[in-house]
Amino acid sequence: MTMKLTLDGDWRATVTDDPLHITPRFGTSVDVVPYADVMERERWLVDTFGSQEWLWDAPDILRFDRAGRELVGAEFHWPEESASAKEVARVPLTPPVRPGGLRADEARDFRHERCTVLCRAPGDAVLTCLRDLDVLDEPLDARIGIAPDMALLVQHGTVVGWSLTDPAQYLTTPYTDPEPAPPCPATRRLLTECLDLVTTPVVDDLVDGEPAALARLRAADEALRDQREDRHRADALLQLIATYVEDYGNW
């Protein structure tokens with residue numbers, strides 16, 4: 001059965017049977033993209049259409065091939081606002097993910113608003129980002145797996161969020177594909193600690209100069225610098241907390 005999705009109010013796309021064969025990159029954003037440096041990214045934006053940032057506006061990015069109107073890549077921001085454990089428990093686990101791509105109904109630009117709430121499964125096994133918490137009041141229509149472990153969440157025919165399964169696996173620095181080997185246990189633990197530090201409520205404590213939060217930040221920074229295993233992912237986590245270390249690490 002053909003499924004139509006709506007983004008940006010009146011912009012529509014059709015779900016296809018062709019998901020992207022691109023490994024997600026997880027860091028300060030989640031990128032499902034083919035480029036390997038800044039110049040390639042600029043060419044990619046010029047050669048495609050869809051949603052992109054403009055000046056001070058930074059929505060999520062979904063880009064489509066001009067010839068076939070097929071989805072060719074996406075960049076998703078994840079929010080600092082973290083849902084409570086009670087709200088996370090309401091995140092639907094169904095329906096199952098259906099692998100698929102998107103084909104734009106027409107070749108024109110649109111704007112896809114970024115999500116506002118981050119829902120973290122226990123152990124950060126899955127990160128789910130939602131348009132708002134009202135999404136949890138009703139079931140999802142579909143979960144479209146646009147790339148490995150990366151899915152769009154659909155409700156009433158509208159894309160209302162996205163999810164990334166096993167984010168530790170996809171940790172990497174910008175413009176670099178993640179290591180194919182599984183992350184070590186220390187990396188998984190430090191991912192959870194770093195996500196704690198850069199999302200509410202702990203990030204608010206950092207900004208307020210709470211001693212316990214500052215001590216956690218300094219300890220995480222030190223542990224990541226000392227970690228010998230999984231060095232590339234440790235560097236990615238260092239970049240994740242770098243701004244906070246620079247602004248608050250010496251308090």
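The range 173-236 and the range 63-133 have Cα centres lying 23 Å from one another.
Remark: the Asp137-His156 segment gains 5.6 nm on full extension, using 0.36 nm per residue and subtracting the alpha carbon distance.
Taking 0.36 nm per residue of separation and subtracting the current Cα-Cα distance, fully stretching the chain between Val38 and Asp177 would add 48.6 nm.
Averaging 1/r across all pairs of distinct Cα atoms in the range 23-130 and inverting the result yields a Kirkwood radius of 15.5 Å. Taking 0.36 nm per residue of sequence separation and removing the Cα-Cα distance, the Ser29/Arg103 pair yields an extension gain of 24.3 nm. The spread of Cα positions in the range 171-251, taken along each principal axis and listed from longest to shortest, comes to 39, 23, 20 Å.
So with the 1.4 Å probe, I'd like the accessible area per residue for the range 74-179, rounded to whole Å².
Result: 43 Å² of accessible area for each residue.
Taking Cα atoms only, the orientation of helix 185-198 departs from the longest principal axis of the chain by about 80 degrees. When you filter the chymotrypsin sites (Phe, Trp or Tyr not before Pro) in the range 106-187 for DSSP loop state and at most 11 other Cβ atoms inside 10 Å of their Cβ, nothing is left.
A Cα-only calculation for the range 98-251 places Rg and Dmax at 17.7, 53 Å.
The values are calculated or read from the model by the stated rules, or taken from the named source; none is laboratory data. These numbers come from a predicted model, not from an experiment. Heads up, the Cβs are rebuilt from the backbone with ideal geometry, glycines too, and the neighbour counts pull from every protein chain shown. To get the accessible areas, we keep the full protein, side chains included, count just its heavy atoms, and leave off ligands, DNA and RNA. Shrake-Rupley method; radii C 1.70, N 1.55, O 1.52, S 1.80 Å.
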